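Engineer: After the structure tokens below, expect a handful of questions from me.
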Amino acid sequence: MHEWLSRYRGKRGIQAIAGAAGGAVLLGLVACGAEAPADGPAAQPSKREQWRQYSGALADGSQGREGGLRVIEVQQTACQFLEAEHYVEQNFSARSAQQCHEINARTWAARARNARPLLAMQGEFIIRVSNRDVPYPVDFWLRPYENHFTTAQPRIELPEYRIEEIPPGETREIRVDLPRSFYLWSSPRNGTPDYSLLIYDMAAHW
């Protein structure tokens, strides 16, 4: 499921990683105003414009700032997160995590081709998670990818974050501080797949 992570270890450039994922969803670049050098002939879109295209609706609709911090918003519906699946809503009907596990076991192989790893610049930000219409409480779990790599010496202990309960129709948020690495995120109580998150460092080119 996360083959693209191992294939692109050691390659420089956010775009190489995004391309391997089939067009990743970037978080943090546009909102933070990061400038990129022009690349290629004038007829080609700039790196900044390419990043805008990668980020899609997230850059303009689901991301902003509060008190100087970036805010990233994600929505849960039955058995899935919309943002991680390029806003393709599956319209599943489930009343328990077990039912979602069964649904995802049948459908995830086909859906994974449309899934997009999320990218965000390292540092502090707020993750805001909404239970849009799941008829039971859900949660949110962000943790390091088990085979992560980092150039930090010595290796740092990577953080893990949880939101324990998000009732139907409500929103909860958590403040995170993430160093550069690969992470997974999901909702065990909603039986979602494990989605990918890459936290990058502009100075290190990934």
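Bear in mind that the values in this text are calculations on the coordinates, not laboratory data. Remember, it's a predicted structure, so these values are computed and weren't measured experimentally. Neighbour counts are summed over all protein chains in view; Cβ atoms, including those assigned to glycine, are modelled from backbone coordinates with ideal geometry.
Engineer: For the pair Thr171/Arg111, report the inter-label distance in nm, with labels modelled 7 Å from Cα in the Cβ direction.
Structural biologist: 2.3 nm
Engineer: Further question: Quick check on the exposure proxy: order Thr107, Thr192, Thr77 from fewest to most C-beta atoms within 10 angstrom.
Structural biologist: The most exposed by this proxy come first: Thr107, Thr77, Thr192.
Engineer: Multiply the residue gap between Tyr87 and Tyr161 by 0.36 nm, knock off their C-alpha separation, and tell me the result in nm, one decimal place.
Structural biologist: Additional length available on full extension: 24.3 nm.
Engineer: Pulled fully out, how much extra length does the chain show between Glu102 and Asp133, if you take 0.36 nm times their separation in residues and subtract their Cα-Cα distance?
Structural biologist: Length gained between Glu102 and Asp133: 9.2 nm.
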